[in-house]
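The next block holds one structure in the form of structure tokens; read it before the comments.
The values are calculated or read from the model by the stated rules, or taken from the named source; none is laboratory data. Owing to the predicted nature of the structure, the values given are computational and were not obtained by experimental measurement. Backbone-built Cβ (ideal geometry, glycine too); neighbour counts: all protein chains shown. For the accessible areas, the whole protein counts, side chains as well, though only heavy atoms, and no ligand, DNA or RNA atoms are used. Shrake-Rupley method; radii C 1.70, N 1.55, O 1.52, S 1.80 Å.
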Amino acid sequence: MAILRILEFPDPRLRTRARPVARVDDRIRRLADDLLETMYAAPGIGLAATQVDVHERVIAVDVSEERNQPLIFVNPEITPLGEERQEYQEGCLSVPGFFETVSRPARIRVRALDREGRPFELEADGLLAVCIQHEVDHLEGRLFVDYLSALKRQRIRAKLEKQRQRA
């Protein structure tokens, strides 16, 4: 396993739409393991392959307190369950140090392949639902800052660029 470099906003590679995975093989399983290791080391609760400059539809999630319930989703497809929405303070490993309120569907169903390539389905709400939606957005080339006003997004961009210049 390896800890991979996480791309940071406004890197244009974060806007790349990920391709579906044709076959879950050892390369995809290694990617899944690397995503988990990178996510835990960051530390974060979710990471999409797009964030490490791999443009395939794979995400890793673990919202457990003990960080011992990793989930891998290959080719995830989300369906909202109902009209109810929830607001959460979201952060992102690609937008370090910033947290903003985002509104998303409260309950979802996700269909995907697991680390072994077996299809599965999961219903989620709360933090898990938010995290899955956030990571699937990455696969579409979207970031949580896209849900904010243009002014807030520009301020975040400017602050991150200033931080990088100082480093």
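Note on Ala158 and Ser64: the extension gain reaches 30.5 nm, defined as 0.36 nm multiplied by sequence separation minus the Cα-Cα distance. Note on surface exposure: Leu4, Leu36 rank Leu4, Leu36 by accessible area, highest first, 1.4 Å probe. A simple spin-label model places pseudo-atoms 7 Å from Cα toward Cβ; at Phe120 and Gln165 they are separated by 4.7 nm. Of Phe144, Phe99, the order by accessible heavy-atom surface (1.4 Å probe, DNA, RNA and ligands excluded), from most exposed downward, is Phe99, Phe144. In plain terms, the chain from Glu140 to Ala2 could stretch by 47.2 nm, reckoned as 0.36 nm per residue minus the Cα-Cα distance. Here the chain exposes an accessible surface that is 48 percent carbon and sulfur, computed with a 1.4 Å probe and the other protein chains kept in place. Helix content alone sets the calculated 222 nm mean residue ellipticity of the chain: runs of n ≥ 4 DSSP H residues at -39500 (n - 2.57) each, divided across all residues, give -9500 deg cm²/dmol. Near the amide H of Arg19, within less than 5 Å, lie the amide hydrogens of Glu56, Arg57, all on another chain or at least 5 residues away, with H placed in the peptide plane.
Taking all Cα pairs closer than 8 Å and separated by 6 or more residues, the relative contact order of the chain comes to 24 percent.
Across segment 102-114, rounded Karplus estimates of 3J(HN,Hα) from the backbone phi angles (6.51 cos²θ - 1.76 cosθ + 1.60, θ = phi - 60°) give 10, 9, 9, x, 6, 10, 9, 10, 10, 10, 7, 9, 8 Hz, Gly and Pro being marked x. The phi-based Karplus calculation (6.51 cos²θ - 1.76 cosθ + 1.60; θ = phi - 60°) puts the 3J(HN,Hα) values of segment 122-131 at 9, 9, 9, 9, x, 4, 4, 4, 4, 4 Hz, whole numbers, x for Gly and Pro. Antiparallel beta bridges, as assigned by DSSP with both residues in the chain, represent about 95 percent of the total such bridges. Phi angles of segment 20-27 translate, via the Karplus equation with coefficients 6.51, -1.76, 1.60 and θ = phi - 60°, into HN-Hα couplings of x, 7, 6, 8, 7, 10, 4, 5 Hz per residue; Gly and Pro are given as x.
Which net charge results when you count Lys and Arg as +1 and Asp and Glu as -1 among the other residues whose beta-carbon is under 12 Å from that of Asp114? Local charge sum for Asp114: +2. The spacing between segment 141-167 and segment 24-51, judged by their C-alpha centroids, is 24 Å.
At a probe radius of 1.4 angstrom, the accessible area of segment 65-116 per residue rounds to 58 square angstrom. Distant-in-sequence amide contacts of Cys92, defined by a placed amide H-H separation under 5 Å and a gap of 5 or more residues or a different chain, comprise Gly97, Phe98. With every protein chain in place and a 1.4 angstrom probe, the accessible-area ranking of Val54, Val145, largest first, reads Val54, Val145.
Specify the inter-centroid distance of segment 94-131 and segment 2-20, based on alpha-carbon positions, in whole Å. After rounding, the separation between the Cα centres reads 18 Å.
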